[in-house]
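Down below is the structure, laid out as structure tokens.
The values are calculated or read from the model by the stated rules, or taken from the named source; none is laboratory data. Treat the numbers as computed from the prediction; the structure is a model and nothing was measured. As a convention, Cβ positions derive from the backbone with ideal geometry for all residues, glycine included, and neighbour counts pool all protein chains shown. Only protein heavy atoms, including side chains, enter the accessible area calculation; ligands, DNA and RNA are left aside. Shrake-Rupley method; radii C 1.70, N 1.55, O 1.52, S 1.80 Å.
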Amino acid sequence: MLKLRPGRWAGVITALQLRGVAVSRGGRRLFSGLDLDLAPGEVCALTGANGAGKTSLLRTIAGLSAPDMGDIGFGGADPGDARQGGLHLLGHLDGLKAARTTREELTFWSRWGGAASDGADQAVTALALGGLLDLEVRRLSAGQRRRLALARLLAAPRPLWLLDEPLSPLDAAWRARFGAVMQAHLAGGGMILAAVHDPLPIPARSLALEAAA
Amino acid sequence: MSRISALLARETALAWGRGGGPLVSVGFYAGVATLLPLAIGPEAQRLAAIAPGAAWVALALASLLSLDRLFERDFEDGALDLLTLSSTPLELTCAIKCLSQWLATGAPLALAAPIAAIGLGAPPALAPLIFACALVGGLAFAFTGGIGAALSLGARRGGLLTAVIVLPLFVPPVIFGGGALDAFASGLGWTAGFALLCAYAAAAVALGPLAMAAACRNALA
């Protein structure tokens, strides 16, 4: 097994492999026979029409639901361990409580993700959340709120990022800045699988989900 | 440990604010305890006879109030996904949520219970036992209630469904606690009822989180 640099990754994911994965939602088969290999430093943009199953695929990889068929591997790591400490899932529901302040939410989720003590501060710096820390989450704009959700990815580093429409509420300047953040993650050996409608701000190969016949 | 204490702090803060938190539960409790003498009649003797039991049943009902939001809010806003994706077992997460629920509503209700019972005419000597029963019973209410709250995730009007699922589970603690109070009031041995109440609470704490975690996983899938 790969030796991990201490303090870098909490998890054990060294690759993501999908083999013949089929997923259905509410009794309807969304897609089948999906193959994907993601190695450290690689990013894949997941495209497809609304309802093609992008979100369902991300949730299936994260282990929240089971695939109908096929295998999901994490480079030989135990799937349970890999999912518990090795990946971040950012859905369109961000899990932030409107009545709590930005600082409370960021501190909690950083600790929950097992972040180092300065992890949250680094995320605040990288995503320029400093001026928002004392605001309640309900006072944030959609883009600010998304930055707060993205801050969790930086506070507790984990190798695999599963992102669902990560950039949609961000303006052009922040899309570019988050592109740089993603590039830094990849340069450190991270992996990103992002469901998108607009192209990612960094070069990425893409995987189109097409409805099962 | 840092993860667990962070979750306990967050959940307690959320439970404190959820649906008005302890003030609403205690207010509802006071309301039910006030309605009873109006319905039953003001004769002191009759009221005193039913006071401990009435205070106890009202407590079970008040415990239901904020239960339905225990998992639902996290389910709706996606936080439950992230709570599930953690090296902390979901069972432990569920147990901590119920413990927070107990800290935020069960414990304040346990303080209000002796006051309500004495107000209805129960002998003051009964107050410590009522407090102890309410404290232990509240734990059983929170952990069995969590099962109902998790099972009704994703259902429309889940709050009503939670109440319907949970009320049968409240029967044993109501019987045991009521029995202990009744026995104490008539000068008989009350320890058996109280011990059974403690046993039920312990079973609920031990087994409830398994059922809650399974129900949450099912709702998320």
Completion exercise
Only unsatisfied item for residue B:155, checking (1) closer than 25 Å to residue B:114 by Cα; (2) more than 20 Å from the chain's Cα centre (by Cα), is (1)
Exercise for the section: Report the residue count in segment B:168-221 for those that are over 30 Å from residue B:78 (Cβ atoms) and part of a helix (DSSP H, G or I). Expected result: 30
Completion exercise
Conditions (1) at pLDDT 85 or above; (2) within 14 Å of another protein chain (Cβ to nearest Cβ); (3) open to solvent by less than 20 Å² (accessible area, probe 1.4 Å) -> residue B:21 fails only (1)
Handout entry: In segment B:81-95, residue nearest to the other protein chains (Cβ to nearest Cβ) [restricted to those that are hydrophobic (A, V, I, L, M, F, W, C) and open to solvent by less than 10 Å² (accessible area, probe 1.4 Å)]
Key = B:83
Practice task
Would you check if residue B:131 is open to solvent by 20 Å² or more (accessible area, probe 1.4 Å), aromatic (Phe, Trp, Tyr) and part of a helix (DSSP H, G or I)?
Solution key: yes
Completion exercise
residue A:191 meets each of (1) of a type outside the set (D, E, K, R); (2) in contact (Cβ under 8 Å) with a residue 24 or more places away in the chain; (3) surrounded by fewer than 16 Cβ atoms within 10 Å (Cβ to Cβ) with one exception, condition (3)
Practice task
Tell me, please, whether a residue that is within 21 Å of the chain's Cα centre (by Cα) and closer than 30 Å to residue A:79 by Cβ can be found in segment B:11-28.
Solution key: yes
Problem - Sole residue being open to solvent by less than 10 Å² (accessible area, probe 1.4 Å) and touching a Leu at 6+ places or on another chain (Cβ under 6 Å), chosen from B:213, B:219, B:122 - result: B:213
Problem - When residues of segment A:119-144 are limited to those that are within 14 Å of chain B (Cβ to nearest Cβ) and part of a helix (DSSP H, G or I), the one nearest to residue A:82 (Cα to Cα) - result: A:119
Exercise for the section: Return the total of residues in segment B:67-80 being assigned to a helix (DSSP H, G or I), within 7 Å of another protein chain (Cβ to nearest Cβ) and open to solvent by less than 20 Å² (accessible area, probe 1.4 Å). Expected result: 1
Exercise for the section: Within segment B:146-165, work out how many residues are in a helix (DSSP H, G or I) and touching a Phe, Trp or Tyr at 6+ places or on another chain (Cβ under 8 Å). Expected result: 3
Exercise for the section: Look at residue B:143 and say whether it is surrounded by fewer than 20 Cβ atoms within 10 Å (Cβ to Cβ) and at pLDDT 90 or above. Expected result: no
Practice task
Please find, within segment B:175-191, the residue that is nearest to residue B:57 (Cα to Cα) out of those that are within 21 Å of the chain's Cα centre (by Cα) and open to solvent by 40 Å² or more (accessible area, probe 1.4 Å).
Solution key: B:175
